[in-house]
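Written below as structure tokens is the structure these notes are about.
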Amino acid sequence: MNDERAANAIDRKIGQRVRSRRLEIGMSQERLAEILGVTFQQVQKYEKGVNRIAASRLHDIAAALDLPASRFFEGLVSGRAVGVAEDRQDFVDDVLATPEGTQLMALFASIKSVKVRRRVVELVKALADEGVEAKRG
């Protein structure tokens, strides 16, 4: 039996974008929960896509995160299975939804030298390639 009220892939993607923005601005789950008048566990459930976010609640979340509510829906296509990095923007959202991804992006953005940024990209590519080779071997 399919419960239409159950959270789905779109809900997970919206929750991921809430988490990504919250981390981007350095806000804790506890602080967001306080602003919204809910428990931090509820914020966790929203961010994991376990609980659906009502339109009025999403409006409040967007205001708390200083972001237009429409941003949470950008690029989402009805009927498309989302939640995994299907395209480049989804991949960026997936990375930014992690504390490490947010930290890496902030640190990378603080590098002023184009040459150093290129070298960082080369290093990360080499590490990623090494990880792929290790899986094969």
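The values are calculated or read from the model by the stated rules, or taken from the named source; none is laboratory data. Since we're looking at a predicted model, the values are computed, not measured. Cβ placement follows ideal geometry from the backbone for every residue including glycine, while neighbour counts extend to all protein chains displayed.
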Where a residue in segment 66-77 is under 19 Å from L23 (Cα atoms) and its partner, wherever it lies, is basic (K, R), with Cβ under 6 Å and at least six apart: L67/R21; F72/R17
Cβ-Cβ under 9 Å pairs, at least 6 apart or on other chains, segment 108-128 side free of Cβ contacts under 8 Å to residues at least 24 places away in the same chain, far side surrounded by fewer than 10 Cβ atoms within 10 Å (Cβ to Cβ) and assigned to a loop (DSSP other than H, G, I, E, B): R119/S113
Every residue from segment 1-19 that is surrounded by 18 or more Cβ atoms within 10 Å (Cβ to Cβ) and not in a helix (DSSP H, G or I): A7
All positions within segment 69-98 that are at pLDDT 80 or above and either in a helix (DSSP H, G or I) or in contact with a strand residue (DSSP E or B) (Cβ under 7 Å, 6 or more places away or on another chain) (or both): A69, S70, R71, F72, F73
Pairs, first free of Cβ contacts under 8 Å to residues at least 60 places away in the same chain in segment 11-38, second among the small types (G, A, S), C-beta under 7 Å, six or more apart: D11/G49; G15/G49; L32/A64; I35/A64; L36/A64
